[in-house]
Amino acid sequence: MGEKGSEIEILIGGKAGEGINRAGQVIAEILSEMGYYIFMIFDHPSLIKGGHNYSIIRASEHPVGGIKRKPDIVLALDKNTIKLHEAELSPHTVVIFNSDKVKNAEGIGIPAVSIVDSAGGVPIMINSCLIGAFCKTAGLEWSDVEQILLDKFPVRSALNLDIARKGYDISEVKFQLIRAGENRAKLITGSESLGLGLCYGGIEGYIAYPMSPASGILHFLSSKKDEFNLKVFQPEGEIAAILMAEGMACCGCRAAVGTSGGGFCLMNEGISYSGLAEIPIVIINSQRQSPSTGAPTYTAQSDLPYAISAGHGEFPRIVISPGNAEQAFMWSAKAPGLAWKYQVPVIILTDVTLNDSLYSLSPETVINEDYDYGYKEVDEGPYLRYRFTGDGISPLGFFNGNSGPVKINGKTHDESGISTENPRILEKLAEKRIRKASIIKRDMEGEKCVLRSGNSNSGTTVVSWGSNGPLCSELCSRLKIRSVQPIVLHPFPEKQFETAISESSKIIVVEDNSTGQLSELMKSYGFFSDNRILNYSGRQISLETLEKRLMEVI
Amino acid sequence: MSYITDAPNTWCEGCGNFAILHSIRRIIEEYEKNGSKKDEIVLVAGIGCHGKIADYLNINTVYSLHGRAIPFATGIKIANPDLKVICCVGDGDSYAEGLEHLLFAAKRNVDITVIVHDNRVYGLTMGQYTPTSPDSYHGKTNPGDGKEKPFNPLKLLLCSGATFLARGYTGRMDQLQKLIWSGMSHKGFALIEVLQVCASFYDKSSFYDRHIYEYQGDSGDINEAFILAGEWDYNSDSDIPAGIIYEEIRQIFEERFEYETTDLKSRRKAVIEYFGL
Ligand SMILES: Cc1ncc(C[n+]2csc(CCOP(=O)(O)OP(=O)(O)O)c2C)c(N)n1
Ligand code: SF4
Ligand SMILES: [Mg+2]
């Protein structure tokens, strides 16, 4: 019998349409209730029925940043789950399988189909049966999980519970999971966290066209629009989405949009418009793997230089890349304020890993941050939308009748917003944007743009960004080396970054792309990396593999 | 109070855009005489000769992007349904580059008034053909060999669900002004397709003067509207009806966005409650 006290990893797999994600979530919630920190990935090809879907849940007494891909328990709804993950199984892995579907397997066979049938259930309840079996295998007392399960089965709860109990009774105890502590955290996906953060940051509108992996934000906010008093709308495409959001901004209504690669490409003219016409807007670009339609549901960090330069012409912007639910909440709550303070586009770069994964979030740690930035309001005298000022920021007036005519213009314009191509004014406009950029850069040094963790005295520093940040942080803490994660990537937080990596003898950059985009960006600021660990498989690198690859270069 | 800015006007002499500019100016004057405020109006312009109207009118404006006036306007209405929004768009601008937005605005019945400055040519970029140029029009980029027919924007918009459709002509300013006024008074998506003379690249004024007649009939019948819209196919020498082609009352788009509060504190409170704190 295996023993597991402080952490456990569970893989649950089956066909698309079998409710794998939801079943994984229920397991995650049980473990979360028991005081564990959770990280769960959901791996799913871009299809609705068939294919192979799986979730990996890692639960630990310590904050979790990634998965190991060395499951302690596997829940196999079908044969593929065992076949496709064979290499990940170890001698101590316990496989719980649906013995009505999977023959000749080793482990704990549960005749889930028969149990569900004889109880008068429907096929989706096979999950409940296997979850019940899992609880027993993990060594959980029925009395501890009963109430939790009841809460997690919103429909036909009694029947689901009955089926889970039958799975529990038939299963065997293999581990002794103990309560890790009080449950302090809320389980939340990255997409939900981004949506909640945006609301907390004061957006009134979210306009988006469906596109994986950003759709989770749209679905979540749409389902919560009455609760949050939000205007959520799906328009005819991404070009319309960003321009509608900018139209809202012209009325003093904070708005955000969310998309992925191709949709972000379509938004470029709107980003450029925001740059010249100085319209505040928040844009989430959830990165997917490969160019074009690429691999929609697989992860990458390959839009960094693109996000920094998207839209033609030169104009200031802010590019932020949070790495987990906590960072996603904080920075999507800051984004609207930053966009409005400086009247610029703020781009939040996320990826499949962040959007689709489930995280433990302690709301108390994020809601008390300062998210109020204010903006330059209209003052006395005739209103000039683009007044030249010392810091390049003009008072922000809206179509609300408070300031006389407001003339918004995406063509080069004079202070009042009337088009001009006068060479002196073209120069002044460019200089206005440059001044604004330098003010933003200065002010952003006052934010916590760079996170440092692990052993800060170590000469070996691992630099990573986005969803790899928490992963590297966990591993580096264990290996007693330094981990540095720049969250704000543009304007590049040079001073903070320099401090964070100071006295490093070796800098290793970890990224989910094939060209070393952050590493190249660092180079342009004079920070040179010694090694790059690049992963472009569309799946977040596992802790095990990352450790191996780190050891090769340390 | 002047309704015209001091921006130098760069439209060609004889350009039909002047008639549209002054029709709108007069309407705004009227509007203020009736006790409303011009600050309640926003004009959103596309990019082309027509778009310069944003510089010339001393009111709230968005000088938008080529083809994209409609999504800006839609966003404005989502944010503030009380604003009166006029879109001045071109035929290249809204029938080519941004056609999808136009059709969707009609489908949704967004309460905006769209004025299409249809000079049947790309004016600002020097005379290329547009979706409403006749097949004989030989521009810089097309042969004009009769092989590519124009489409009929009125029929297209009827199919898309427009609840107010009219056709005007820059050579008949009084009627034009009335049509725009009616469009603005219509609660829902209104489009006024304006046959606009381009003095430099496509001056059809004598043809229009001869063929355009003032239509006054039953604008509530969709079948009749289709017949009327199809009377001239933008290609032949038939007569051209000008007037209100179709009008219908249907629920407007903005109604689904009417929320009571925009208060940041209450939104934050809702998030905190969601967290169960
Ligand atoms: C995305 C984009 N493509 C092309 C252009 C160039 N452009 C400017 S105006 C115009 C055509 C204008 O024609 P129309 O909309 O009919 O307006 P008009 O000048 O006739 O009033 C074009 C193609 C542009 N500004 N933006
Ligand atoms: S080119 Fe044609 S549309 Fe443009 S200003 Fe001259 S006459 Fe008017
Ligand atoms: Mg034109």
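Every number here is computed from the coordinates shown, using simple stated rules; none is lab data. Every value quoted in this text rests on a predicted model; they were computed, and no experiment measured them. FYI the Cβ positions are ideal-geometry reconstructions off the backbone, even for glycines, and counts take in every protein chain you see.
Points worth noting:
- J(HN,Hα) series, the stretch A:375-391, from Karplus relation 6.51 cos²θ - 1.76 cosθ + 1.60, nearest Hz, glycine and proline x: 8, 6, 8, 5, 10, 5, x, x, 7, 10, 4, 10, 4, 6, 10, x, 9
- Diffusion constant of chain A at 10 °C, which comes from Stokes-Einstein with the Kirkwood Cα-pair radius and 1.306 mPa s, µm²/s: 64
- Set of lysines near residue B:204 by C-alpha distance (under 20 Å), chain-local residues within fewer than 8 positions excluded: B:140, B:149
- Cβ crowding within 10 Å ranks B:125, B:5, B:113 as B:125, B:5, B:113, fewest other Cβ atoms first.
- Centroid-to-centroid separation of the stretch A:376-400 and the stretch A:432-491 [C-alpha atoms, Å]: 34
- To the nearest ten degrees, helix A:238-250 and the longest principal axis of the Cα atoms of chain A are 60 degrees apart.
- With 18 Å as the limit, the listed pairs A:152/A:186; A:103/A:152; B:33/B:84; A:448/A:506 have A:103/A:152; A:448/A:506 beyond it between alpha carbons.
- Our summary gives the stretch A:376-444 a relative contact order of 29 percent, counting only alpha carbon pairs under 8 angstrom and 6 or more residues apart.
- Neighbouring Cβ atoms from other chains, within 10 Å of the Cβ of residues in A:195-205, number 4 on average.
- Taking the Cα centre of the stretch A:256-380 as origin and assigning +1 to Lys and Arg Cβ atoms and -1 to Asp and Glu Cβ atoms, the resulting dipole is close to 420 debye.
- Relative contact order of chain B, defined on C-alpha pairs under 8 angstrom at six or more residues apart (%): 18
- For residue A:15, residues with placed amide H under 5 Å, excluding near neighbours: A:53
- Relative contact order (%) - criterion: Cα under 8 Å, at least six apart; region: the stretch A:188-365: 30
- Each principal axis of the Cα cloud of the stretch A:376-444 was taken in turn, and the coordinate range along them, longest first, works out to 33, 30, 19 Å.
- Label-to-label distance, residue A:147 versus residue B:206, with points set 7 angstrom from Cα along the beta-carbon direction: 9.2 nm.
- Distance in nm between pseudo-label sites at residue A:457 and residue A:498 (7 Å out along the Cβ direction from Cα): 2.5
- For B:263-274, mean number of other protein chain Cβ atoms within 10 Å: 6
- Leading residue at positive end of dipole, the protein assembly as shown (Cβ point charges), from B:157, A:402, B:34: A:402
- Point-to-point label distance, residue B:151-residue A:118, nm (Cα→Cβ direction, 7 Å offset): 6.3
- Here the protein assembly as shown is assigned +1 on the Cβ of each Lys and Arg and -1 on the Cβ of each Asp and Glu. Its dipole about the Cα centre then comes out at about 1320 debye.
- Residues A:146, A:377 arranged by fewest to most Cβ contacts within 10 Å: A:377, A:146
- Sorting the segments A:251-260, A:21-30, B:153-162, B:28-37 by their residues' average number of neighbouring beta-carbon atoms within 10 angstrom, most packed first, yields A:251-260, A:21-30, B:153-162, B:28-37.
- Net lengthening on full extension, residue A:421/residue A:375 (0.36 nm per residue, minus Cα-Cα): 13.7 nm
- Counting only alpha carbon atoms, the long axis of helix A:325-342 and the longest principal axis of chain A meet at about 10°.
- Remark: mean inter-chain Cβ contacts per residue of A:225-232 equal 5, using a 10 Å Cβ-Cβ cutoff to other protein chain atoms.
- Rounded to the nearest 20 debye, the dipole magnitude of chain B is 760 debye, with +1 charges on Lys and Arg beta carbons, -1 on Asp and Glu beta carbons, and the Cα centre as origin.
- In the stretch A:376-444, lysine pairs closer than 19 Å at Cα, eight or more apart or cross-chain: 11
- For chain A, the longest principal axis of the Cα atoms and the long axis of helix A:423-444 meet at an angle of about 40 degrees.
- Net charge of the neighbourhood of residue A:387, taken over other residues with C-beta under 15 Å away and scored Lys/Arg +1, Asp/Glu -1, is 0.
- Charge dipole of the protein assembly as shown about the Cα centre (unit charges at C-beta), most positive-ward option of A:168, A:195, A:275: A:168
- Over the stretch A:410-554, the reciprocal of the mean inverse Cα-Cα separation, the Kirkwood hydrodynamic radius, stands at 17.0 Å.
- Exposure proxy shown here: for A:536, A:342, the number of other Cβ atoms within 10 Å sets the order, fewest to most, as A:536, A:342.
- Per-residue extension of 0.36 nm, minus the Cα-Cα distance of residue B:30 and residue B:10, leaves a gain of 4.6 nm for this segment.
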